[in-house]
Amino acid sequence: MRVMSYIARTDRPADKVARYAEVETEILAVLEGEPNRTARMATVASMLADAFESYFWTGFYLVADDRPDELVVGPYQGTLGCLRIPFSRGVCGAAARTGLTQVVEDVHAFPGHIACDGRSRSEIVVPVRDASGALIAVFDVDATEPAAFDAEDARALERLMARLFAAG
């Protein structure tokens, strides 16, 4: 399968919206017809990690089958991730608990932050829902720079997660 033309990795604000649109198109093309959720998540984590220089850790935490109030690490790109995260702790837990995207400029100032890798400075976490609206995971991105994420990142990632996992 041929992936659409590659645009150089960038995080310049003027290019960010265009880069998200391009990588969304690439991801949708690669995943066309692929029903397996794990394959879809692994591909998303890989392609987004490659698309943005600031993405230090990129991946999914799945709602645990054995504990519905806990997340368990899923497909990701980066250094060792936390294996389990309760809904009551950290940025990922806050996104799962509230159902709202969390954009954190300084993770060290976030109450209950879990430091899976001390180099992480900022983070965005997007709840991931299936077609019925049930929470199935959160999509987590960490950066080594403070304030690496903003409303543009939130909008683009929310749209992508909805198109890939909530579409009927």
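Points worth noting:
- In the stretch 112-140, the qualifying residues are those that are of a type in the set (A, V, I, L, M, F, W, C) and in a loop (DSSP other than H, G, I, E, B), and the one that is farthest from Thr79 (Cα to Cα) is Ala131.
- Test result for Thr79, closer than 30 Å to Ala21 by Cβ and touching a helix residue (DSSP H, G or I) at 6+ places or on another chain (Cβ under 8 Å): no
- Inside the stretch 118-137, residues that are under 18 Å from Phe52 (Cβ atoms) and either surrounded by 20 or more Cβ atoms within 10 Å (Cβ to Cβ) or more than 16 Å from the chain's Cα centre (by Cα) (or both) make up a count of 7.
- In the stretch 127-139 there is no residue matching the filter, namely being of a type in the set (A, V, I, L, M, F, W, C), modelled with pLDDT of 95 or more, closer than 18 Å to Glu24 by Cβ and in contact with a Ser or Thr (Cβ under 7 Å, 6 or more places away or on another chain).
- All positions within the stretch 106-117 that are touching a residue at least 12 places away in the same chain (Cβ under 8 Å), on the phi < 0 side of the Ramachandran plot and exposed (fewer than 15 other Cβ atoms within 10 Å of the Cβ): Asp106, His108, Asp117
- Tabulated pairs, the stretch 13-35, first outside any helix (DSSP H, G or I), second of a type in the set (D, E, K, R) and surrounded by 12 or more Cβ atoms within 10 Å (Cβ to Cβ), C-beta under 8 angstrom, 6+ apart or interchain: Glu34/Arg40
- Residue within the stretch 28-38 that is closer than 13 Å to Phe139 by Cβ and open to solvent by less than 20 Å² (accessible area, probe 1.4 Å) present: no
- Any hit, the stretch 66-80, residues being crowded, with 22+ Cβ neighbours inside 10 Å and modelled with pLDDT of 95 or more: yes
- Every test in (1) polar (S, T, N, Q); (2) at pLDDT 95 or above; (3) under 24 Å from Val17 (Cβ atoms) is passed by Thr98 save one, and that test is (3).
- Checklist (1) open to solvent by less than 20 Å² (accessible area, probe 1.4 Å); (2) under 24 Å from Leu28 (Cβ atoms); (3) out of contact with any helix residue (DSSP H, G or I) (no Cβ under 8 Å at 6 or more places or on another chain) applied to Ala94, failing item: (2)
- Members of the stretch 48-65 that are in a loop (DSSP other than H, G, I, E, B) and open to solvent by 10 Å² or more (accessible area, probe 1.4 Å): Glu53, Ser54, Tyr55, Phe56, Asp65
- Some residue of the stretch 141-163 being in contact with a helix residue (DSSP H, G or I) (Cβ under 7 Å, 6 or more places away or on another chain), crowded, with 19+ Cβ neighbours inside 10 Å, among the aliphatic types (A, V, I, L, M) and not in a helix (DSSP H, G or I): no
The values are calculated or read from the model by the stated rules, or taken from the named source; none is laboratory data. Just so it is clear, the structure is predicted and the values come from calculations on it, not from any experiment. Note that we place each Cβ from the backbone using ideal geometry, even for glycine, and neighbour counts take in every protein chain shown. Please note that ligands, DNA and RNA were not included when accessible areas were found on the heavy atoms of the full protein model with its side chains. Shrake-Rupley method; radii C 1.70, N 1.55, O 1.52, S 1.80 Å.
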